[in-house]
Amino acid sequence: MKLIRRLLFPVVPIYYLVTWFRNLAYDKGWKSSKSYDFPVICVGNLSAGGTGKTPMVEYLIRLLKDKTNLATLSRGYGRKTKGFLLAEDNVTATELGDEPFQFYHKFKDEIQVAVDENRQHGIAQLTKICNSPLTIILDDAYQHRKVTAGFNILLTTFHNLFVDDIVLPTGNLREPRSGYKRANVIVVTKCPETISQEQQEAIVLKLNAKSYQNVFFSYISYADFVLNNSSKIALKDLPDFTLVTGIANATPFVDFLNKNTLKFNHLAYKDHYNFTANDIKKLSELDLIVTTEKDYMRLKDESLLKDKLYYLPIQTEIINSEAFDSLINKYITA
């Protein structure tokens, strides 16, 4: 794959110019974009996947769900449906998509969860329904410029800052680096918990953050247990198991398990992998499976895996969270 991407380097200038001109068209008003008179928060990235959008959206949900009538709106990547869909009790991950299904499963009594590949249309539909939301979080919509969010949160990972990358297909950037200027806040995700003040200052300098931008740093907090719908097991009591992942970057997860000296084999699938009946049959032959929460949501209803499938809960923790929370609350109440 790396060789193929290198061979495709001649395409990079073309991709760069197309995406740069598209952004210019929106910036100059040649292409129309819709803004709203209620809070719309966009969580996104410049890179293609793996920056921690899902735990960041969940952080915002926990912060705001008791303060405002809240909804999340996602594209619903990989779903088998089209158009607008509001999550209800009978919805499946296949219909809704992995991430929104996870949001609904965890917060269904507190927020509304919807999907629509057309964010303008999705917002319009949300505002029409009964008990319509007063605040909308757009999941992975940084490049969806037909909507002008009131507050943009841009994520970039500690080990792969956007300033060190180039655009697709050789690099991982969905658009030129200059797109970062649209962000109100930049969050450097997946940092080591022990990141020093000097390291933070060096990264802020490297990112060339603008005067109107705030830069924050976050890390992933892992639970000390795995669980499923009926039981949980402390990490210290885990016997040998098989780790199953279908995410863009499983390295931090694997590193955490190794740090805790756990014994496991790793079956790594591509991001948003659709497990087949044959996959499920093979997995059912394993004694114990630990997976990510996102993968668990897709696999939890498989009867063959019911008693052997567990996931490790995670949360985003933001360094200097009081300042971050204050910015979000200030925007919501302004």
Inset, instruction - Pull up the cross-link candidates among the lysines for LYS330, meaning alpha carbon to alpha carbon under 28 Å and not fewer than 8 places away within one chain. - result: LYS34, LYS53, LYS65, LYS67, LYS106, LYS108, LYS128, LYS146, LYS181, LYS190, LYS206, LYS210
Inset, instruction - Mind grabbing the accessible area of GLU322 for me, 1.4 Å probe, Å², rounded to tens? - result: 150 Å²
Legend entry - Solvent-accessible area per residue for the stretch 1-150 (1.4 angstrom probe, square angstrom): 50 Å²
Legend entry - Share of carbon and sulfur in the accessible heavy-atom surface of the stretch 199-273 [1.4 Å probe, %]: 49 percent
Legend entry - Value of Rg/Rh across the stretch 211-301 [Cα atoms, Kirkwood radius]: 1.04
Legend entry - Accessible area expressed per residue, the stretch 262-334, with surrounding protein chains retained (probe 1.4 Å, Å²): 56 Å²
Legend entry - Per-residue SASA entry for CYS191, accessible area with 1.4 Å probe, Å² rounded to 10: 10 Å²
Inset, instruction - Quote the Stokes-Einstein diffusion coefficient, in whole µm² s⁻¹, for the chain, based on the Kirkwood radius over alpha carbon pairs, a temperature of 25 °C and a viscosity of 0.890 mPa s. - result: 116 µm²/s
Inset, instruction - For ASP139, ASP37, ASP89, give the ranking by accessible area with the largest first, probe 1.4 Å. - result: ASP37, ASP89, ASP139
Legend entry - Order of exposure, largest accessible area first, which applies to GLU198, GLU88, GLU302, GLU58 with probe 1.4 Å: GLU198, GLU88, GLU302, GLU58
Inset, instruction - Take the alpha carbon atoms of the stretch 238-311, find their center, do the same for the stretch 1-35, and report the distance between the two centers in whole angstrom. - result: 35 Å
Inset, instruction - On the protein heavy atoms, probe 1.4 angstrom, tell me the percent of accessible surface of the stretch 56-166 carried by carbon and sulfur. - result: 46 percent
Inset, instruction - With the convex hull built on the Cα atoms of the stretch 270-334, state its orientation-averaged projected area in nm². - result: 6.9 nm²
Legend entry - the chain: relative contact order in percent, alpha carbon pairs under 8 Å with at least 6 residues between: 20 percent
Inset, instruction - For VAL187, enumerate residues with amide H under 5 Å from its amide H, sequence gap 5+ or separate chain, H modeled in the peptide plane. - result: LEU154, LEU155, THR156, PHE216
Legend entry - Exposure rank, largest accessible area first [ARG177, ARG145; 1.4 Å]: ARG177, ARG145
Legend entry - Overall dimensions of the stretch 160-249 by Cα: Rg and Dmax, Å: 18.2, 51
Inset, instruction - Kindly identify the stretch 180-229 as rounded, prolate or oblate by the Cα gyration tensor criterion: order the square roots of the eigenvalues as a ≥ b ≥ c, call it rounded if a/c is under 1.5, otherwise compare a/b with b/c, prolate if a/b is larger, else oblate. - result: oblate
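The values are calculated or read from the model by the stated rules, or taken from the named source; none is laboratory data. These figures come from a predicted structure and were not determined experimentally. Accessible surface areas use protein heavy atoms only, side chains included; no ligands, DNA or RNA. Shrake-Rupley method; radii C 1.70, N 1.55, O 1.52, S 1.80 Å.
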